[in-house]
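The structure appears right after this line, and notes come after that.
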Amino acid sequence: MSLAREARACNKDALYPILSDVSAALSSIAALLCSVVLLIGGNALIGVATPLRARLDGFPDLTIGLLGSAYFAGMLAGTLAAPAVIRRGGPIRAFAALVALAIVSVLLMPVVVSPWLWLACRALTGFVFAGLYAVIEAWINARATNANRGALYALYQIANFGASAAGQMALQPLGPAGFPPFAVAGALLALAIVPMAMTSVDPPAEPRTVRPRLLWLVRIAPMSCAAAFAAGAANGAAISLGPIFAVGIGMSPDNAPIFTSAMVLGSALGVFPVGAISDRVDRRLVMAAVMTAGAGLELALSRMGAPSLSVVALGFLVGLTTYALYMLAVSMANDGAAPHDLVFISVGLLFIYCVAAIAAPAIAATLMRDFGPQALFLHNAAVHIAIAGAALWGAIVAPRRGRRL
């Protein structure tokens, strides 16, 4: 009994400094996380309503896939413009201006139901969210240390994924048809300005230059860049076409958000333990293990041909494992980074993420058209197996010269 008590005491003594460190850092980004919840809730509501509403309005399948690609194409352009926007107005004013543009892009969509207008609006939404993510992630990494970066970024991801699940579930009472989902999303985006405008915490350092530094990022953090590319390829397809997969196997459009929300809920619950473990174990080994498990679950999901509780459960487990990939990529790249480099790391990884995410929805939509809706998760399983192999290979053969890999 005494040995058991001593073991529990040792575990408590080891855990307390970790939780204390994370808690202190969390208090400095509380306002930021409030804005994140509102922003992501509104964006998720539009993200799931857009393909379902497009399907109801008779948009071709390829066009529906391109709506996802347009979002990430806009985000790609936004990563190039974000440093200049942030340097010109400062993080908080840039944040407010970008949110205003996001509101406009959302409220214009139900006014004119046209593929071309919707493509333009989704591209504008992606553009502004690239800048918003740059501000958010630079702010978080400025408050983090190498000892708590994974855990703190995971808490941000929990807020992100939790808000995303809530935003998607909000579509059930609202329905994809009509103006209500667009109006509610616009209201949530507008409210996101308030916490950031009222915070007294100093914002992160502004970038010293506005020129992109992608080659520099690839040179210093190759594994992080590869992981960001894989995350974009898998997440871009799943986010854009997850509702279409659900409808394709027999779910009604009103129930499709149950499946997508299960994936997001799993993501919210999975990122913190993965992030906390990666603060103490080589992040590449954690990446290899978690992505291998996720790929196996995606293969199981690809065998489902009818709606059932198993489909929702597998969606939850896929989110629990695979959605930690981008968090691991960001944590690796930011370990030991200088304050003035944080914006460049954020936009650089997001640029790489978007390159993959632009192509992935169109490719996956074509595969789903030719081979059925299950091809979506076969596509994603292949991506996650590839990055798991690369991470494991790197951990075995590359010496660990520092935390940034």
Take the range 19-76 and flag every residue that is at pLDDT below 85, within 20 Å of Ala142 (Cβ to Cβ) and small (Gly, Ala, Ser).
Ser20, Ser23, Ala24, Ala25, Ser27, Ser28, Ala30, Ala31
Among the residues of the range 273-284, are any in a helix (DSSP H, G or I), out of contact with any helix residue (DSSP H, G or I) (no Cβ under 6 Å at 6 or more places or on another chain), modelled with pLDDT under 85 and of a type in the set (A, V, I, L, M, F, W, C)?
no
Being in a helix (DSSP H, G or I) and out of contact with any strand residue (DSSP E or B) (no Cβ under 9 Å at 6 or more places or on another chain) narrows it down to one of Ala154, Ala147, Ala177, so name that one.
Ala154
Exclusive hit being aliphatic (A, V, I, L, M), modelled with pLDDT under 80 and surrounded by 22 or more Cβ atoms within 10 Å (Cβ to Cβ), set Ala134, Ala144, Ala163:
Ala144
Any residue in the range 62-70 that is more than 20 Å from Leu350 (Cα to Cα), of a type in the set (Ser, Thr, Tyr) and assigned to a helix (DSSP H, G or I)?
yes
Could you grab me the full set of residues in the range 29-41 that are more than 14 Å from the chain's Cα centre (by Cα), in a helix (DSSP H, G or I) and crowded, with 21+ Cβ neighbours inside 10 Å?
Leu32, Ser35, Leu38
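Just need a number here: residues in the range 87-117 that are touching a Lys or Arg at 6+ places or on another chain (Cβ under 9 Å) and of a type outside the set (Ser, Thr, Tyr). Walk me through how you get there before you give the answer.
Kept after step one, since they are touching a Lys or Arg at 6+ places or on another chain (Cβ under 9 Å), are these residues of the range 87-117: 87, 94, 105, 109-110, 113.
Narrowing further to those that are of a type outside the set (Ser, Thr, Tyr): 87, 94, 109-110, 113.
Qualifying residue count for the region: 5.
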Note on Ile352: of the conditions (1) more than 19 Å from Gly47 (Cα to Cα); (2) in contact with a His (Cβ under 9 Å, 6 or more places away or on another chain); (3) of a type in the set (Val, Ile, Thr), unmet is (2)
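The values are calculated or read from the model by the stated rules, or taken from the named source; none is laboratory data. No experiment lies behind these values; they were computed from the predicted model shown. Every residue, glycine among them, receives a Cβ derived from its backbone with ideal geometry; neighbour counts consider all protein chains shown.
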